[in-house]
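Okay, structure first, notes after.
The values are calculated or read from the model by the stated rules, or taken from the named source; none is laboratory data. As the structure is a computational prediction, the values presented were derived from the model and not from experiment. In this analysis, Cβ positions are derived from the backbone assuming ideal geometry, glycine residues included, and neighbour counts consider all displayed protein chains. These accessible areas exclude ligands, DNA and RNA; they are computed on the full protein's heavy atoms, side chains included. Shrake-Rupley method; radii C 1.70, N 1.55, O 1.52, S 1.80 Å.
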Amino acid sequence: MIVLLLGGNGLLGHNVLNQLLQQGHEVHALLRNPAALHFDTFPNQHLLRIFKGSLLADDDLNQAAKGCEAIINCAGVTDMSLLKYSHYLPVNRDLCDRLIELMKHHGINRLVHTSTANTIGYGTPERWADEECAMQSPFAESFYAQSKKEGEEKLQAAAKQHPDWHIIMVNPGFMIGAYDTKPSSGTLLLAGYRKPIMVAPKGGKSFIHVNDAATAIANALTQGRHGERYLLTGENLSLREFYHIQKQQCGYGQYILSVPNWLLAWAGCIGDALRKCGIQTQLSTRNVRQLMVGEYYDNQLARIELEMPATKIEKAIEDFFNWYLATTQDKR
């Protein structure tokens, strides 16, 4: 297929692009900063066309979409320090309206849209959540998750109006791997890397190798059920368990302690006060509460219907550090 890819510069976007080129798709990548794309080692580079522009500009979207048969949207505003809900809406919610109109205008009938696992209720170590679980607090108060949820609702409505289309929504967990350019999720890994003492919150996440998620997304161009959501998640671990695996994988000693919830709550209150003064910080009550819960999900639906692989989390950690350390050495 000829696929329009949005959000190609991010961790997931890089890996989706790699996967699409491996599968032989022609890709139109709309990028605000093409120089930030790391694709030197990707296969079939002759199949990649780069369009410089903004995904919020209709002219740029239309130019990149010409001749395309499908759209994969990996774009998202994830910065947890933003002060206003309105800052998240143009990309996380309103872009979905633009994509629906783009599909109508260009006769495109396939869309794979990336949301987040946080729009689905989290489970427990004993009982994992699936796609049917309703969104829960504290994520129901998260600006990021709320805006992504509204985007999903727009696409679910479009899917009902267009039964002949193929709209798939994917809900990734905590993705780890190579091409983490900011870094994004890698910030959590770097926080504990080779530190003699690591103090970890008591919550947990569903950790997945980003390439597993990318494979499922590429497969979703032709697989999956129209209008459905799919959890792209992996190993359900507490943060303490994750850091234990990381220190073993990377070969260093470390004492891992748990942060009391009351201390996190206190830090969140300080962050709330700073934010009220107009100071951007990721510290806030709504954000730190997310570190206190276990985000445990069941990925069976994606494993079966999107043929999502299940790479061990040790490999994801290895791939992240191999890429990150090589990249930082190159910059020196």
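Regarding segment 16-33, can at least one residue be identified that is in contact (Cβ under 8 Å) with a residue 12 or more places away in the chain and more than 27 Å from residue 308 (Cβ to Cβ)? Yes: segment 16-33 contains one or more residues that are in contact (Cβ under 8 Å) with a residue 12 or more places away in the chain and more than 27 Å from residue 308 (Cβ to Cβ).
Taken over segment 164-173, residues that are hydrophobic (A, V, I, L, M, F, W, C) and surrounded by fewer than 24 Cβ atoms within 10 Å (Cβ to Cβ) amount to 1.
Within segment 81-102, the set of residues being buried (at least 17 other Cβ atoms within 10 Å of the Cβ) and part of a loop (DSSP other than H, G, I, E, B) comprises 88 only. Take residue 3 and decide whether it is in contact (Cβ under 8 Å) with a residue 60 or more places away in the chain and within 24 Å of residue 79 (Cα to Cα). In short, no. Across segment 175-187, the qualifying residues are those that are in contact with a Gly (Cβ under 8 Å, 6 or more places away or on another chain) and surrounded by 24 or more Cβ atoms within 10 Å (Cβ to Cβ), and the one among them that is nearest to residue 296 (Cα to Cα) is 176. Just wondering, is there one or more residues in segment 212-226 that are open to solvent by 30 Å² or more (accessible area, probe 1.4 Å), farther than 18 Å from residue 185 by Cα and among the charged types (D, E, K, R)? Taking every residue of segment 212-226 in turn, at least one turns out to be open to solvent by 30 Å² or more (accessible area, probe 1.4 Å), farther than 18 Å from residue 185 by Cα and among the charged types (D, E, K, R). Residues of segment 109-164 that are in contact with a Cys (Cβ under 8 Å, 6 or more places away or on another chain), farther than 23 Å from residue 284 by Cβ and of a type in the set (Val, Ile, Thr): 114 alone. Scanning segment 116-143 for residues that are of a type in the set (Phe, Trp, Tyr) and more than 24 Å from residue 305 (Cβ to Cβ) yields 139, 143. Inside segment 217-286, counting only strands (runs of 3 or more DSSP E) that do not spill past its ends, which hold 3 or more residues that are in contact (Cβ under 8 Å) with a residue 60 or more places away in the chain? Result: 229-232, 235-238. Determine if segment 258-276 includes at least one residue that is on the phi > 0 side of the Ramachandran plot and open to solvent by 30 Å² or more (accessible area, probe 1.4 Å). Looking through segment 258-276, none of the residues is on the phi > 0 side of the Ramachandran plot and open to solvent by 30 Å² or more (accessible area, probe 1.4 Å). Quick one: is residue 54 in contact (Cβ under 8 Å) with a residue 12 or more places away in the chain, assigned to a loop (DSSP other than H, G, I, E, B), open to solvent by 10 Å² or more (accessible area, probe 1.4 Å) and touching an Asp or Glu at 6+ places or on another chain (Cβ under 7 Å)? For residue 54, the condition - in contact (Cβ under 8 Å) with a residue 12 or more places away in the chain, assigned to a loop (DSSP other than H, G, I, E, B), open to solvent by 10 Å² or more (accessible area, probe 1.4 Å) and touching an Asp or Glu at 6+ places or on another chain (Cβ under 7 Å) - is met. Looking across segment 161-189, the residues that are of a type in the set (A, V, I, L, M), outside any loop (DSSP other than H, G, I, E, B) and in contact (Cβ under 8 Å) with a residue 60 or more places away in the chain come down to 167, 168, 169, 170, 175, 176, 189. Can you pull out every residue in segment 188-202 that is touching a Ser or Thr at 6+ places or on another chain (Cβ under 9 Å) and open to solvent by less than 50 Å² (accessible area, probe 1.4 Å)? 200, 201, listed by residue number.
Comparison of 132, 126 shows that the only residue that is surrounded by fewer than 18 Cβ atoms within 10 Å (Cβ to Cβ) and at pLDDT below 95 is 126. Checking each residue in segment 103-118 for being outside any loop (DSSP other than H, G, I, E, B) and either open to solvent by 60 Å² or more (accessible area, probe 1.4 Å) or touching a residue at least 60 places away in the same chain (Cβ under 8 Å) (or both) picks out 103, 104, 105, 110, 112, 114, 117, 118.
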